[in-house]
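This report concerns only the one structure given below.
Read-outs throughout are calculated quantities, based only on the coordinates presented, and are distinct from any laboratory measurement. Note that the structure is a prediction, hence the values are computed from the model and not measured. Heads up, the Cβs are rebuilt from the backbone with ideal geometry, glycines too, and the neighbour counts pull from every protein chain shown.
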Amino acid sequence: MSDDGRERRPGATRRRGEELVRAIHEAAIEELLAVGVDRMTMEGIARRAATAKTSLYRRWSSTEEILIDAFLRVFPQEEPSPSSDDLRGDLVRALRMMRDWMTTVGARAVAEVVTARDRNPGLVEAVYARVFGKRGGGFTQTVLRHYVAHGAIAPARLTPVVLDIGEALVVKYRMDHSELPDDAYIDAVVDHAILPALGPPPGGD
C-alpha cells in the first residue's frame with residue numbers, strides 16, 4: 001500500500017530520488033499523449049507512475065510544472081565545436097539531431113503542447129522560455145548563437161529567417177512527404193539555405 005493509503009499497482013516497487021523523478025516524467029508524457037493537456041491530472045500521472053500523489057506534490061504544484069521538467073529532460077542539447085571552427089558540420093549535426101529526436105515520444109508530447117498555443121498560451125510560453133530557451137533556442141539556433149559569441153558570425157546576420165530556416169525546412173519536408181528527410185537533404189538545407197543566408201564570415205566580404 002502507498003503512503004497515502006492507496007493500493008500500489010501490482011509489481012510496483014518503492015522508488016526514490018532520481019529514479020522516481022524519471023518515472024514521474026515518463027508518466028506525465030504518457031498521460032499527456034493519452035488524454036490531452038487539458039484533461040491531465042495529478043492523480044492520473046501518479047497512477048501511471050505507480051506512486052502516491054503526495055510524491056508529486058512534494059516536488060511540483062501542478063501538471064504543467066511536471067510537464068516543463070519532463071520536456072527539459074527529453075529535449076536534446078546541441079553542443080557545437082568548442083573551437084568554433086566547423087560551422088557546416090555543427091549545423092548538419094544539429095539538424096540530424098532534430099530529425100532523430102522528432103521520432104521520439106518526447107517530441108510528440110512537446111508538439112502536442114506547442115501546436116495548441118491558443119488553448120494553453122501560458123504553458124506554451126513556459127516551454128519556449130524554460131525548455132527551448134534554456135537549451136539555447138534549440139538545434140541550429142544553438143549553433144548559430146555559439147558562433148556569434150565566438151566572433152565567427154556577425155550578430156546582424158542572425159535574422160529571424162536565418163534562425164528558423166533550417167528547422168522550418170525539415171518540418172516542411174515531413175509535412176510534404178509524410179516522412180523525415182535523409183542525410184543528403186539535411187546537407188542540402190545547410191549548403192543551399194543556411195550558409196548562403198549567413199553570407200561570408202566577418203572580414204570575408
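Here the spin labels are modelled as points 7 Å beyond Cα on the Cα-Cβ line, and at Arg73 and Thr115 they lie 2.4 nm apart. As a length-normalised measure over Cα pairs under 8 Å and 6 or more apart, the relative contact order of the chain settles at 20 percent.
Provide the packing ranking of 92-99, 25-32, i.e. peptides ordered by the mean count of other C-beta atoms within 10 Å per residue, highest first.
Result, highest mean Cβ count within 10 Å first: 25-32, 92-99.
To the nearest 20 debye, what is the magnitude of the charge dipole of the chain about its Cα centre, counting +1 on the Cβ of each Lys and Arg and -1 on the Cβ of each Asp and Glu? Intermediate values should be presented prior to the final figure.
Details: 28 positive and 31 negative charges, 190 e Å.
The dipole magnitude comes to about 920 debye.
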